[in-house]
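Q: Below: one structure in structure tokens.
The values are calculated or read from the model by the stated rules, or taken from the named source; none is laboratory data. Please read these numbers as outputs of a predicted model, since none were measured by experiment. Quick reminder, even Gly has a Cβ in these numbers, built from the backbone with ideal geometry, and neighbours come from all protein chains shown. We work out accessible area using only protein heavy atoms, side chains counted, and drop any ligands, DNA or RNA first. Shrake-Rupley method; radii C 1.70, N 1.55, O 1.52, S 1.80 Å.
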Amino acid sequence: MRWNPFAGAYLADPAQVWGRLLDSSGGVHHDEDLGLWLITRHADVRRALGDAGSFGNALTLAPVYDVCPEALAVIRRIDAPPTTAAADPPAHPRTRRALRATFANTADRVEQRYGGIVRRRVDELVSRLVARAGQQVDLVREFTTELPLLVLLDLLGVPERDIARVRAWADGQIALVWGRPDPAEQVRLARGLLEFWRYCQALVRDRLDRDSLHSGPPGDGYVDRLLAYRDGDDEILTVAEVSSIVFNLLVAGHETTAGLLAHALDQALSAPDRWRTIAAEPHRVPAFLAETLRFAPAIDGWLRVTRRPVTLGGVTIPAGARCLLLIGAANRDPAVFARPDRFDPTRPDANDHLSFGHGPHFCIGAALARLEAGIALTRLAAAVPGLRLTPGHRRSYHPNVAFRAHRSLPVVIDPAVPSGGRATPAVERPAA
């Protein structure tokens, strides 16, 4: 079945295409243009995410198209070792242990370690929006992309003056790997990615140099915790692996949360009753976010490569084949979800979504993403209960096979309580 993820109907709303893919050929299809096997059914996507023996990660961060020679030469200078998304055993279990030991990944630990940082940043951004009462604002540019990046910069100790560069580099990696840029753009993005890698190396070297000059306990930033965990032992982590973990966190750690928050705001503001409910009953936010993750995942496709022949839905995929796991389609599989194309925050099965992955590569930042999005929604709704989408706004997304990101989300800042609604103070701790 032919499809074009970069334009047309799929880019505007992929749900109808997902439905056709789910219904035919056992839910497994080969796309000749991209050279990818499309896997759509929930059970098969879940298996592929969890079966590291059959589905490897070596090509997860390799571009989905033939890169031009000049850009390829630049990419080959990026000597970041695989540590997270692109790593297989034995590197992945070792680096995953480092992440579990240093990065809070449960609701309680995330709240304890990062809750204050998140609230401070949310309140700063919400205050800026409230100060623009009566004006039109793009929430993507001024809220959803800002918040997770500011939180990550605080965690990693990155200077706030570098926020624009880091955002541009991260956006560039996503476009370079999972988009379809022309050759000149490939070269520009590849050079930016090399600069990004060198920036992360310099960030880690700076921490090492500082620690070598000062006696006493290490700092409390995340890079400091990684270096303390390493304790000078390359068998535990190399310095290059520490840099690589930072490199990956600065992309995945903010792009996915930004997408979740933008999709949640889109769904909430598209139906005024939903936004009024969030403002009046913030305890409903966790369920609302779970349904957003199912219905509109920030990452709706992810890459794997078969390490041996695999048969799914009666179709045999050969060894060495690149597969695109269509998480968005799996989250709409009627075999798992009743009325899958209906957004329903009260559904009991929403948490069966695969938007944070499954198995050994389950998203290490899932709890932090839920915390950020939960606090952001409750505090913004309490402060601006009259927030509304600009009339006539049409959804538009960046062309990409993996990250489904809004180009904009224009709203009118109206703090007035809508008719029939009531505002309540933001809760201190939404469930994560």
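Q: Using beta carbons and a limit of 8 Å, which pairs, at least six apart or on different chains, have the first residue in region 67-78 and modelled with pLDDT of 95 or more and part of a helix (DSSP H, G or I) and the second one open to solvent by 50 Å² or more (accessible area, probe 1.4 Å) and not basic (K, R)?
A: Within 8 Å, the pairs are E70/P183; A71/P183.
Q: Something else: Kindly indicate which of L147, L129, L139 is out of contact with any His (no Cβ under 9 Å at 6 or more places or on another chain), at pLDDT 95 or above and crowded, with 20+ Cβ neighbours inside 10 Å.
A: None of the other options fit; the residue is L129.
Q: Further question: Do we find that A168 is touching a Gly at 6+ places or on another chain (Cβ under 8 Å) and farther than 20 Å from P93 by Cβ in this structure?
A: Spelling it out, A168 is indeed touching a Gly at 6+ places or on another chain (Cβ under 8 Å) and farther than 20 Å from P93 by Cβ.
Q: Is it fair to say L227 is touching a helix residue (DSSP H, G or I) at 6+ places or on another chain (Cβ under 9 Å) and surrounded by fewer than 21 Cβ atoms within 10 Å (Cβ to Cβ)?
A: no
Q: To continue, here is another question. Quick check on A268: is it buried (at least 24 other Cβ atoms within 10 Å of the Cβ) and closer than 20 Å to A376 by Cα?
A: So A268 passes the test.
Q: Is it the case that W18 is more than 20 Å from the chain's Cα centre (by Cα), in a helix (DSSP H, G or I) and more than 20 Å from L249 (Cβ to Cβ)?
A: So W18 fits the description; yes.
Q: Inside region 113-158, can you point out the residues that are farther than 17 Å from V246 by Cα, in contact (Cβ under 8 Å) with a residue 40 or more places away in the chain and not in a helix (DSSP H, G or I)?
A: Answer for region 113-158, where residues must be farther than 17 Å from V246 by Cα, in contact (Cβ under 8 Å) with a residue 40 or more places away in the chain and not in a helix (DSSP H, G or I): R132, A133, G134, Q135, Q136, V137, D138, T145.
Q: Name the single residue, out of those in region 405-432 being open to solvent by 30 Å² or more (accessible area, probe 1.4 Å) and modelled with pLDDT of 50 or more, that is nearest to L38 (Cα to Cα).
A: Looking at the filtered set, the residue picked out is A405.
Q: Give G50, G26, G35 a once-over and let me know the one that is open to solvent by less than 70 Å² (accessible area, probe 1.4 Å) and in contact with a helix residue (DSSP H, G or I) (Cβ under 7 Å, 6 or more places away or on another chain).
A: G50
Q: Just one of the numbered conditions (1) more than 30 Å from E70 (Cβ to Cβ); (2) free of Cβ contacts under 8 Å to residues at least 24 places away in the same chain; (3) among the charged types (D, E, K, R) is not true of R198; which one?
A: Only one criterion is unmet by R198, namely (1).
Q: Moving to a separate point now. Looking only at helices (runs of 4 or more DSSP H) that fall completely inside region 159-251, which ones have 3 or more residues that are among the β-branched types (V, I, T)?
A: Here the list reads 163-178.
Q: So if I check each of R109, R165, R121, R113, which one is crowded, with 17+ Cβ neighbours inside 10 Å, under 22 Å from the mean Cα position of the chain (by Cα), on the phi < 0 side of the Ramachandran plot and not aliphatic (A, V, I, L, M)?
A: R121
Q: Since H263 meets every condition but one in (1) more than 14 Å from the chain's Cα centre (by Cα); (2) touching a residue at least 40 places away in the same chain (Cβ under 8 Å), which condition does it not meet?
A: So H263 meets the others, but not (1).
Q: Kindly list, by first and then second residue, each pair from a residue in region 93-105 that is aromatic (F, W, Y) to a residue that is open to solvent by less than 50 Å² (accessible area, probe 1.4 Å), limited to pairs with Cβ atoms under 6 Å and residues at least 6 apart or on different chains.
A: F103/I364
Q: Check region 309-319 and report whether any residue there is touching a residue at least 40 places away in the same chain (Cβ under 8 Å) and polar (S, T, N, Q).
A: Looking through region 309-319, none of the residues is touching a residue at least 40 places away in the same chain (Cβ under 8 Å) and polar (S, T, N, Q).
Q: Yes or no: E195 of a type in the set (D, E, K, R), at pLDDT 95 or above and open to solvent by less than 20 Å² (accessible area, probe 1.4 Å)?
A: no
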